[in-house]
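Derivation of every value follows stated rules applied to the coordinates shown; laboratory data play no part. Since the structure is predicted, the reported quantities are computational estimates derived from the model, not experimental observations. Cβ coordinates were reconstructed from backbone atoms using ideal geometry, including for glycine residues, and neighbour counts include every protein chain displayed.
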Amino acid sequence: MSTDRDNDALCGCTVIHEDIVNKVKDELTDHTRLIKMAELFKAMSDPTRLKIINALILSEMCVCDIACLLNMTQPAISHHLKMLRQCQLIKYRRDGKIVYYSLDDEHIAPLFRQGYEHVSEK
């Protein structure tokens with residue numbers, strides 16, 4: 001069902017503004033980086049992985065703690081942690097037999113918070 005607002009968003013002409021197209025074309029982000037960004041957003045598109053990121057913003061944690069917190073099995077959590085590691089969202093450190101996870105760098109928490117703020121807007 002189409003609304004007036006949807007119709008207002010449709011362009012009513014076929015004029016191509018070549019100066020704008022050429023300027024934007026020259027400034028577009030490199031395709032390889034866009035692929036990496038898509039992988040990043042894909043990794044963050046799962047609510048469980050977002051819960052893990054949220055938890056790791058608050059504290060470094062081991063797999064057992066994360067599994068307990070989210071009421072999930074350790075293998076399930078390990079699967080999500082692997083994907084987050086591959087996208088360089090989290091890192092780990094070993095302390096004896098225990099492996100602790102934390103955010104990979106300072107960019108992850110603001111990315112999470114901006115997404116949260118965006119969906120919390122009225």
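A few points about this structure:
- Surface/4 of the Cα convex hull for the chain, nm²: 12.2 nm²
- Overall, the range 1-120 carries a charge dipole of about 800 debye about its Cα centre when +1 sits on the Cβ of Lys and Arg and -1 on the Cβ of Asp and Glu, all other atoms neutral.
- Gain on full stretching of the segment that runs from Thr29 to His79 - 0.36 nm per residue minus C-alpha separation: 14.9 nm
- The residue list Ala43, Thr29, Asn71 was ranked by how far each Cα lies along the charge dipole of the range 1-81 toward its positive end, using unit charges on Cβ atoms, and Asn71 comes out on top.
- Taking GluC sites (Glu not before Pro) in DSSP loop states with no more than 12 other Cβ atoms inside 10 Å as exposed sites, the chain has its longest site-free stretch at 1-105.
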